[in-house]
Each structure stands twice: as C-alpha cells, then as structure tokens.
Amino acid sequence: MSDKENKIRVLSEEITNKIAAGEVVERPASVVKELVENSIDAVAKRITIRLSASGLRLIEVIDDGIGMSEQDAILAIERHATSKITSAKDLEAIHTFGFRGEALSSISAVSQFVLTTKRFQDNTGTQIVVNGGILKSVSSVGSPQGTKISVNRLFFNTPVRLKFLKGLTTELSHCIDIVQKYALAHENIGFKLLHNDKLLFDIPPDMNLYNRISLIWGKSTVSEMLQIKPVTHNLLSTESEMLPISIYGYIGLPSLTRSHRSHQLFFVNKRPIYSRTLQYSLEEAYRNLVMVGRYPVAILFLELPPQWVDVNIHPTKREIKFRDERIISKHIVTTLRNQLSLIPQQKHHTFPKINIQTVEKQSTTPAVSSFTDTDTSPTFIDNSDIEIPSKNTNDFIENKSTEPQQKTIPEETNLFSNTDIDKTHVSSDEKQLQEEQPSLLPHPIFSEFVPGEEIPIQVFDSYLVLPEKDRILIIDQHALHERLNFEQLKKELQEKDFVFQRLVIPLLIEVPSNYSKILEDKREIFQKIGIDIEPFGENTFQITSICELYDEGKIKDIIFELLEEMVQGDLFEKENYFESLLSIATKACKKSVKAGDKLEPLERLYLIKGFKSLTPPYTCPHGRPILIELTLQQMEKSFRRRL
C-alpha cells in the first residue's frame, strides 16, 4: 500500500497546541480567568489586570506572589507541566485552581506572550518571550517579586477565532465579570482592573464581602440582601460517610429578583462554578416566594472536602460534579429556608422554622413530598422530602410545577417530569380519555381572525369569550392588550412620533460595573426606545426623560432586564433586535390590562376591535398565544357524542 493511500497521520505540535488552546482559550475572558487563578495559587496579596481593546490587543496580569525560578518558568509554558499535582491520586483532592498545566502553553500558542517572574530570594528575575507557541528568548531582567504575564494580540495566528467573538463591549463585560467573581471569593486579595488605562475598580485587600458586593453590585442591591453566616454541619451521606459542609454568603429578600440568573453566583471551595444542582436548590428555597419568570439574587459559598468534588470534568473547570448531589441540595434548601423564615413582618407569607438534621440516615423507601392546597402561604417541607434532578435532566427549573400538589415520588422518578399521578392504577376508560386528551384541548389560532361587533363575555376576570357558529374563541386579555401596546409603541418610536416626558425628579439607577460600560455605550439605543439616560457618577446613571407611554415606577426594572439581555452578546446580531428590545420595554407600559382586572363592556369591546389592527401570528411580544379556540367537534368528543 502506497503512502498516498494512508489517511491517518500524527498531527504536528503546532496544530495540537492550537487545538488545545481552543479548548482552554475561548475568548479574552478565558485568558483573564487562567492568569488570575495562577496568581491566586501563587499566594498573591494584590492582583492587577490591565486590558486594552477588551483584551484583544493586551491582557496583562501582575501579582506579588511567590514567583518562579528560571527553570520553573521555562517548564511552565510547556504542555502538562505543573507544580500542583504529582500523582493521579492528587486529582481526587484538588486544593488549587490550576492543576492541569496547560493554560500558559495554550495561551502562548495563540498570542505574543511575555512572562516576567522573580522569587523573593533571587537577585534577578526571568523573562520569557513566546510568539505563537515558539520560544523566542529567555533572559535575566530586573523585576519586583511576583509574576507579570503580558498577552499581546490574542488569536493573531488564528484569525478565524476572532470571527466568533462578540463586540468589544460584550467581551469587556465578560472580562469584568470574571475578575469580579474572584474578587468576591477572595477577601484577603486586592484586585485592580484597568481598561485602556481607565480604572474600572480597585478593591483593596481585606475588604469584607459585604463591601465588595456593594462596590460591584451597588449599595441599593446589597441593602436588600440577607447574610448567611458560615456554620459547619456534618451530614451523613448515602455512602455512610460524614460530610462536613459549610454554607455562607448573601441571599436577596424575596422582593429582590431579576429576569435572568445573572445575579446567582455559586462558589465551591472559592471556585466560581456553574451548577444546575445549586441553581435548583436556590430556587427551590424561594418557591412560592417569587413571581414566575423572576429569579432570586444570591452569592453563595460552599466549603466541603475536595475529595467530594470533581473539578476535572470540564475543560475550563467551569462545571463540577458532587459525589452526593442529593444531600448537598437538601442541606442548601433547608439552610436558606430557615434564613428566609427569620424575615420579620412579611405581609403575604409566613415561614415555618425547619430543624436542620446534621446527621441523617438515608431511607431506602421512596421519598414522599406532601403538600396541601388549603393555605396560600408557602409550606416548607422537611429536607428528607427534597429531590434533586437527575444527571440527564434538562431545563429542570423551567419544568417544575408552580402549584402545590399531593405527590408520591418513587426514588427513581425525576421530580421535575410532568408526571404528577401514579399511572399504574388507571382504568381503561381513563386511559382512553388520556389518549384522546391532546385532541380535546383548546389550541392556539395563528391564522387571520376578524372580530365582529359583539361584546365578549369576561370569565375569571382574565379571559374574553366569543361564541361563534362552530367554535368558542377564548382571548387572554393581558396578552392582547400587551400586543396592542407593543404595536402602538413600535409605531410611535419608529416614526419618532412620541413625546418625551421630562421627569421632575430624575430617577437614579446604580448598575454593576460590568453593566456600566454597556449602558454608557448604548445610551443612543435606549433613547430610541424612549428612555433618556445620562451618566451620574462612577456606576450611577440618571433617567431624565421617558416616553409618555411608560410607567415611571417600572423603568428601573426594565433597564436591568435590557442590560441583562445586552450582556448576553447575541442581541445585536439579530436582524430584528429593535423589536427584541421593544418586547422587553413593553413591560413598562402603563396601560396594560392585567389578568384579574374586571373590565366594563365597552373596555372589552375596545380590546376586541384592536384585533383589526393586528396581523398573524397572534402572540404577545413575549411569544405567548393571545387567542385559542375550542371547536364544536372537540366538545362533542368530550361529551362522548362523537367518536
């Protein structure tokens, strides 16, 4: 067989380095993360991060840590060279942030890289220059104790990677977010961040967590948060081992919510992580306390033995795996609910106290969660009744039931499935009804509908009903009015035919520093949707004028929601991004009829006539259907008049 017929080949070192870099270095924020983690592992007391062009032109991280010898510095840029593990057993108990020994190698493969370092006992420092993964020079230089790493022209030799990055404002926001998370986790370290030589924030060493949250998220946010003081509990795991665990941090009052989970931060052994288990646990603790579609605010720290956590399951160590997720989740829910029960004089809810069982024997019988619907106040269940989602569960938080129900949950059953009854004792008639159920349900109408002059019937103070010859039409009054307001707002803003209402007293809004740059850069966009904003201090802005259609009391929440949407980075790539912004801004309209509002006959007729100005599909600005139909055929099937 000739060489030309051989298809498998060993890749060159240059290509493998770039592939490895792609796993670790996704964007400038990835470089910032890896370098800051190395500085923390080097026992630094102060870390300075300098960025230029959102990190694409320059990322420089300077620390006053222990530094490296010349030999160690040379080895540090090699793949899989590390001082943090010596054997495979060390992977079972990781105490440091970096341990794979691939970050510096990956970063230097896709940048013009300069490392300068010096130990306390050395007379001179060491400087190493690497260009696109090729070692250019090693020299002795004068240097203070610690390490300085300069990453210039990131992705200069992999231009295709640049095409996948977002705008400079979004990339800067990600960099700020990374530094803020490590600043929150390490109260003994000072963090200083500069962008284009402009100081973004300077957090001194030994500033406590409360003041760090205040500096990053604003005083108005932290003033609505409760402190969870660190207390260690010994839990008995399903493996019959004792698990010492400590939970501490700050959680928001039920009144402090966001439209995204961007203000839910979790740290395990001071490592910022993403965890569906912890997300579920937090939101389960707030169940029945926050509105549907709103998310609680929290900064939570978990401290537990490293052998109980696997941090080696994700290339960037962003996700982790717990040895016993169920017991950890149960303990978090119990701890947070107990803390929420201490809130005095809640208007609408009472919070029964839960006793924390620090040593608990796991039963082999199915877990049973009992709820009653005789009381509208939240019923806190014992932590033995709390089930966490299985490992393969997707979107579990969105699927959980918002109504208390009587449930019996076998141990193997996923709590967040849509199965709420035991299907093993269903009669044949009931089975037939269940099989027919989808065809009997009313379904949305997306085709053209021209209403008549009849005044609709209002039911449940939420829905308008229009009987027709062979069907009944049911309209969601809130969704319809929201769509009408959206269309009116879009028309006026696009034609610039709206009136700015000058506020007598400007509204002040304090935003996190990673939002501040976005808000400053996108002020014209906000003006186009009828919100006039001006800078008013470091991270504070004042709202001076709003479109007359907006409700002044809703504007702050809408600005936060718009910023959270913008920081995701995908918004401005949409062709209809203006409509996406308006769909959010519509929530601030002052005139939208709500579910539960009793309407007079003429008000109902006005809403129905509004249909004439709409075109299909008939959905509200957020995608929910406005109109559904129940046909005569469906009703006859329900009453067994037809097969």
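On full extension of the chain, what length is gained from Ser237 through Ile455, given 0.36 nm per residue of separation minus the C-alpha to C-alpha distance? Present the calculation step by step, with values, prior to reporting the outcome.
Working: separation 218, 0.36 × 218 = 78.48 nm, distance 6.27 nm.
Full-extension gain reported as 72.2 nm.
How big is D, in µm² s⁻¹, for region 501-643 by Stokes-Einstein at 10 °C and 1.306 mPa s if Rh is the Kirkwood radius over C-alpha pairs?
My calculation gives 87 µm²/s for D.
Need one number: nm distance between label points at Lys270 and Glu600, each 7 Å from Cα along Cα→Cβ, rounded to one decimal.
6.6
At what distance in angstrom do the alpha carbon centres of region 600-643 and region 257-299 lie from each other?
So the two Cα centres are separated by 36 Å.
Tell me the per residue accessible area of region 506-551 using a 1.4 Å probe; a whole number in Å² is fine.
Ligands and nucleic acids excluded, the figure is 37 Å² per residue.
Give the long-range amide H neighbours of Leu58: residues separated by 5 or more places, or on another chain, with amide H under 5 Å away, using H modelled in the peptide plane at 1.01 Å from N.
Ser52, Arg153
Would region 254-311 count as rounded, prolate or oblate if I go by the C-alpha gyration tensor, calling it rounded below 1.5 in a/c and otherwise prolate when a/b exceeds b/c, oblate otherwise?
In terms of gyration-tensor shape, prolate.
Could you report region 446-486's accessible area per residue, 1.4 Å probe, as an integer in Å²?
Heavy-atom SASA per residue in region 446-486 reads 52 Å².
Multiply the residue gap between Glu552 and Ser140 by 0.36 nm, knock off their C-alpha separation, and tell me the result in nm, one decimal place.
Gain on extension, Glu552 to Ser140, equals 142.1 nm.
May I ask you to give the solvent-accessible area per residue for region 102-155, in square angstrom, as obtained with a 1.4 angstrom probe? All intermediate terms of the calculation are to be shown ahead of the outcome.
Details: 2230 Å² over 54 residues.
I get 41 Å² per residue for region 102-155.
Could you give me the ³J(HN,Hα) list for region 527-543, computed from phi with Karplus coefficients 6.51, -1.76, 1.60 and θ = phi - 60°, whole Hz, x at Gly and Pro?
Result, rounded to whole Hz: 5, 5, 9, x, 10, 9, 10, 10, x, 8, x, 4, 10, 10, 10, 10, 9.
Taking square-rooted eigenvalues a ≥ b ≥ c of the alpha carbon gyration tensor, is region 464-537 rounded, prolate or oblate, where a/c under 1.5 means rounded and, failing that, a/b exceeding b/c means prolate?
Prolate, since a/c reaches 1.5 and a/b exceeds b/c.
In whole Hz, with x marking every Gly and Pro, tabulate ³J(HN,Hα) for region 499-506 from phi via Karplus 6.51 cos²θ - 1.76 cosθ + 1.60, θ = phi - 60°.
10, 6, 9, 6, 7, 4, 10, x
Pop out the ³J(HN,Hα) list for region 460-476 in order, Karplus 6.51 cos²θ - 1.76 cosθ + 1.60 with θ = phi - 60°, rounded to Hz; leave Gly and Pro as x.
Calculated HN-Hα couplings, in order: 6, 6, 9, 10, 10, 10, 10, x, 10, 4, 10, 6, 10, 9, 10, 10, 7 Hz.
Could you pull out every residue, at least 5 positions away or on a different chain, whose amide H is within less than 5 Å of the one on Leu235? Hs are placed 1.01 Å off N in the peptide plane, and Pro or chain starts have none.
Close amide H contacts, sequence-distant or interchain: Leu243, Ile245.
Quick one: grab the alpha carbon gyration tensor of region 164-290, order the square roots of its eigenvalues as a ≥ b ≥ c, and give me rounded if a/c is under 1.5, else prolate or oblate depending on whether a/b is larger than b/c.
prolate
The values are calculated or read from the model by the stated rules, or taken from the named source; none is laboratory data. Everything numeric in this text was worked out from a predicted model, so none of it was measured. Every residue, glycine as well, gets a Cβ built from its backbone with ideal geometry; the counts of neighbours run over all protein chains shown. In case anyone asks, the SASA skips ligands and DNA or RNA and just uses the protein heavy atoms, side chains included. Shrake-Rupley method; radii C 1.70, N 1.55, O 1.52, S 1.80 Å.
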